[in-house]
Each structure stands twice: as C-alpha cells, then as structure tokens.
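The values are calculated or read from the model by the stated rules, or taken from the named source; none is laboratory data. Note that the structure is predicted; figures quoted are calculated from it, not measured. So basically every Cβ, Gly included, is an ideal-geometry build from the backbone, and we count neighbours across all protein chains shown. Heads up: the accessible areas ignore ligands, DNA and RNA and are worked out on the full protein's heavy atoms, side chains in. Shrake-Rupley method; radii C 1.70, N 1.55, O 1.52, S 1.80 Å.
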Amino acid sequence: MNRDTRRRITAAEVAERSGASRSAVSLVLNGRADGNVAPSLQERIRAAVDELGYVPQSVGRSLRSRSTRTVGVITDEIVTSPFAGGIISGAGVVAREHGFMIMVADTEGEEDLVREMSEVFFSRSVDALMLATGGLVDLAPPQELLALPAVLANCLGPADGAPSVVADEAGGSVQAVEHLLALGHRDIVQLAGTEDSPATARRRAGFLRTAQGRATPWTIPCGWEIDEGYRAAAALFDDGDPDDRPTAILASNDRTAVGVLLAAAHRGIRVPEELSVVGVDDQAHVASCVVPALTSVALPHRGIGARAMEILLHQVPGVAVEAKAAGPPAPGDVGAAELISTELMVRDSTAAAPTR
C-alpha cells in the first residue's frame with residue numbers, strides 16, 4: 001500500500017512500540033534527545049519510527065500552520081486556593097494578545113501529576129507549557145515538561161533547564177525596612193517563614209542587609225499561618241521589659257501579620273501607635289480588610305504570569321513577541337531566574353515609631 005494513502009501512524013503508536021513516553025519520542029524527533037533520553041531508548045524510538053513508517057504530525061500540518069495557538073499551564077494549587085491567581089490572569093492576558101488561549105490543569109499539590117499532565121497536554125498538541133506554583137519553591141521539572149518550549153512561573157529549576165520568573169523577595173524586604181526606618185523605627189523584628197521555602201532566605205537577606213548599621217534587627221522563626229504569627233508575637237510581647245519590645249514587626253506573610261495584630265490586641269498594644277506591622281502578599285480580601293488595614297509587600301503574581309508568558313511565546317516558532325529588557329537575575333540563580341519587582345502597599349498598620 002502506498003504510504004501516502006494508508007492510515008497515518010501516530011506518535012502514540014511509536015511510543016507504545018518503543019516502550020517510551022510521548023515526550024521522549026518528541027525529543028528524539030526534534031533533535032533534543034541528547035542528555036534527555038538514554039541512547040538505548042533513542043535507538044528503540046528510531047527503530048519504531050522506521051518500522052511503522054511514522055511521518056511527524058508537523059509535516060502534515062505544514063500546509064496550514066505549525067501552531068495550535070494553545071499553551072498548557074500546570075499549577076500546583078493555584079486554581080484551587082485563594083493565592084497567586086494573578087499568575088494565571090497575567091499569563092492569560094499576554095496569551096490573548098498574541099492570539100493564543102491557555103488550558104489550565106491543577107495538580108492540587110500532587111507532584112506526580114506534573115508528569116502526567118505534561119503528557120496529556122503534549123497529546124493535545126499544545127505549543128508550549130508553563131509550570132506555575134502558588135509559593136516560591138525549588139523543583140526539578142520532569143523531562144515530559146521540557147519536550148516542548150517551557151517556562152517556570154514563581155518557581156526555580158536547574159540553571160540549564162527552563163527559564164524561570166520569580167518575585168524579588170529580597171527587594172520586598174528592602175522596601176519594607178526602608179519604610180519602617182523612614183518612620184523612625186530602630187527595633188525591628190522579622191518573623192521568618194519556614195526554611196523549606198527559598199523565599200525565607202531571600203527575604204532574610206534583604207532584611208538584614210538593609211537594617212545593618214541603621215537599626216537593631218531581630219529574626220525569629222515562624223511559619224505561615226495565623227496561629228503561628230500569634231504565638232511568635234505573644235512570646236515577644238510577654239518576654240521581659242515592655243520597653244524592650246520591638247516597635248515594628250515584618251511578618252512572614254499577611255496571615256502571620258493577622259496573628260500579630262490579634263496578639264497585640266489581646267494585650268492592649270495599640271497598632272500602629274505602639275507597634276507597626278507589615279505583612280507580605282497583599283492578599284486579596286485580607287490585607288485591606290483587617291483593622292487596622294495592613295501595610296503589605298505586594299508580590300507581583302500578575303506580573304510574573306505576564307512576563308513568563310512573554311518568555312514562553314518567544315520560544316514558539318513563528319510567534320512575534322516584543323522583546324523586553326530582562327529583570328536582574330535572582331541571587332544565587334544567575335542565568336536561571338528573572339526577578340519581578342514587588343510593591344509596598346502602605347496602609348494604617350504602620351506609623352511613626354513611639355517615643356520611649
């Protein structure tokens with residue numbers, strides 16, 4: 001039978017015949033297998049291609065278009081939680097501007113599903129993939145994700161992997177401390193988040209660097225939830241002479257900042273007259289709604305999503321994306337991550353330092 005008239009062989013059949021994944025087949029056919037696919041598996045895939053007479057789909061599509069104008073977005077818990085939704089909306093705006101649509105799959109925190117979702121999107125012929133996380137994390141993207149143009153949003157990967165876009169976490173601490181110093185505060189405490197988050201070390205570095213020689217900075221362990229902020233603040237308030245209490249607290253996020261406000265209220269400590277409090281996240285329906293309204297470092301989730309989509313579409317052949325200057329690389333991640341600036345939202349929870 002003439003090969004041009006018989007049923008078209010699919011990449012899935014090549015994968016099944018060779019015992020490989022769809023993404024491994026793609027890497028071999030696109031010349032990107034070295035370093036990503038074992039040589040023995042490459043040989044099996046090429047043998048299956050020859051045996052089956054496989055013709056890549058791109059050849060069949062070339063007369064009309066090489067692009068399906070779709071991008072797959074895989075998230076850890078953004079869709080199912082109230083946090084970081086701006087990443088999706090920012091990415092969507094840029095995608096639409098360039099005639100693309102996005103399809104979103106949320107793993108609800110199940111790491112093993114990232115590989116599975118990559119395969120699913122691959123089988124639907126998306127042009128590119130974005131992996132986005134609600135909080136800053138270090139991860140190793142599966143090979144399946146890298147079979148197509150890919151980008152990481154709000155997460156960090158290996159320097160030789162997909163490009164990454166993250167918030168300037170250290171810069172956010174700098175903004176908060178500069179604000180407090182300008183108000184006359186010299187006894188400032190930072191409630192640090194958990195050490196398993198890359199954000200914690202970055203925020204602490206910015207905090208200590210900015211306060212050094214200009215204030216008495218303290219950093220104490222804390223988590224990310226209201227009760228943890230309450231316990232950390234209560235220990236500060238109840239330990240020793242009230243005159244030795246800090247006059248300002250930079251919390252690990254808005255939730256722990258709410259815990260600080262509650263602990264202060266239960267002890268009759270007035271905010272901001274006696275204590276200034278700053279959060280991080282500028283969480284919707286929280287920061288601007290508590291009493292007093294919370295001064296907070298707004299993480300640029302929308303900007304992260306938009307910039308990540310620009311970088312991603314720039315990798316898709318035939319898509320014209322306006323080149324923009326890259327932000328500075330993240331400390332310790334030179335060449336791997338681009339930083340997006342934070343913004344300090346000043347509200348009622350900060351004021352001039354009290355006189356003692």
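With an 8 Å cut-off on Cα pairs and a minimum separation of 6 or more residues, tell me the relative contact order of the chain in percent.
Numbers: 713 pairs, mean separation 61.2, N = 356.
Dividing the mean separation by the residue count of the chain yields 17 percent.
For the pair S81 and D196, the difference between a 0.36 nm per residue extended length and the Cα-Cα distance amounts to 39.4 nm.
If you plug the beta carbon distance of S89 and Q315 into 1/(1 + (r/R0)^6) with R0 = 30 Å, you get a FRET efficiency near 0.90. Computed on the Cα atoms alone, the convex hull of region 80-157 gives a volume of 90 cubic angstrom per residue. Taking a ≥ b ≥ c as the square roots of the Cα gyration tensor eigenvalues, region 148-268 comes out prolate, since a/c reaches at least 1.5 and a/b is larger than b/c.
With the cut-off at 37 Å, report for the chain the share of all Cα pairs above it, as a whole percent. Walk me through the numbers on the way to the answer.
Working: 20314 of 63190 pairs.
Beyond 37 Å sits 32 percent of the P(r) for the chain.
Using +1 at the Cβ of each Lys and Arg and -1 at the Cβ of each Asp and Glu in the chain, identify which of V286, V37, L313 lies farthest towards the dipole's positive end. Result: L313, furthest along the dipole toward the positive end. Taking packing as the residue-averaged number of other Cβ atoms within 10 angstrom, the listed peptides 75-83, 275-283 run from highest to lowest as 275-283, 75-83. Each of S173, T194, L156 was placed along the dipole of region 144-241 (beta-carbon charges, centred on the mean Cα), and the one lying farthest toward the positive end is S173.
Taking the Cα centre of region 77-165 as origin and assigning +1 to Lys and Arg Cβ atoms and -1 to Asp and Glu Cβ atoms, the resulting dipole is close to 380 debye.
Along the axis of the charge dipole computed for the chain (Cβ charges of +1 for Lys and Arg, -1 for Asp and Glu, origin at the Cα centre), the listed residues P82, S26, T216 are led at the positive end by S26.
Provide the net charge surrounding A201, with neighbours chosen by a C-beta distance below 10 Å and charges set as Lys +1, Arg +1, Asp -1, Glu -1.
On the way: positive: R202, R203, R204; negative: E169, E195.
Once all neighbours under 10 Å are counted, the net charge is +1.
Report the calculated FRET efficiency for T216 and A105 (r = Cβ-Cβ distance, R0 = 45 Å), to the nearest 0.05. Rounded to the nearest 0.05, the efficiency is 0.40. When all protein chains stay in place and ligands, DNA and RNA are ignored, the 1.4 Å accessible-area order of S341, S23, largest first, is S341, S23.
Using only side-chain charges placed at the Cβ, +1 for Lys and Arg and -1 for Asp and Glu, the dipole size of the chain relative to its Cα centre rounds to 1420 debye. Per-residue ellipticity at 222 nm computed for the chain from its helices equals -11000 deg cm²/dmol, with DSSP H segments shorter than 4 residues left out and the rest contributing -39,500 (n - 2.57). For region 169-292, the Cβ-based charge dipole about the Cα centre amounts to some 320 debye (Lys, Arg positive; Asp, Glu negative; other atoms uncharged). Modelled spin-label separation between R186 and E13, with each label point placed 7 Å from Cα along the Cα-to-Cβ direction: 8.0 nm. Could you work out the relative contact order of region 168-217? I mean the mean sequence separation of Cα pairs under 8 Å and 6+ apart, divided by the number of residues, in percent. Computed over region 168-217, the figure is 54 percent.
Sorting the segments 34-43, 301-310, 226-235, 9-18 by their mean number of nearby beta carbons within 10 angstrom, highest to lowest, gives 301-310, 226-235, 9-18, 34-43.
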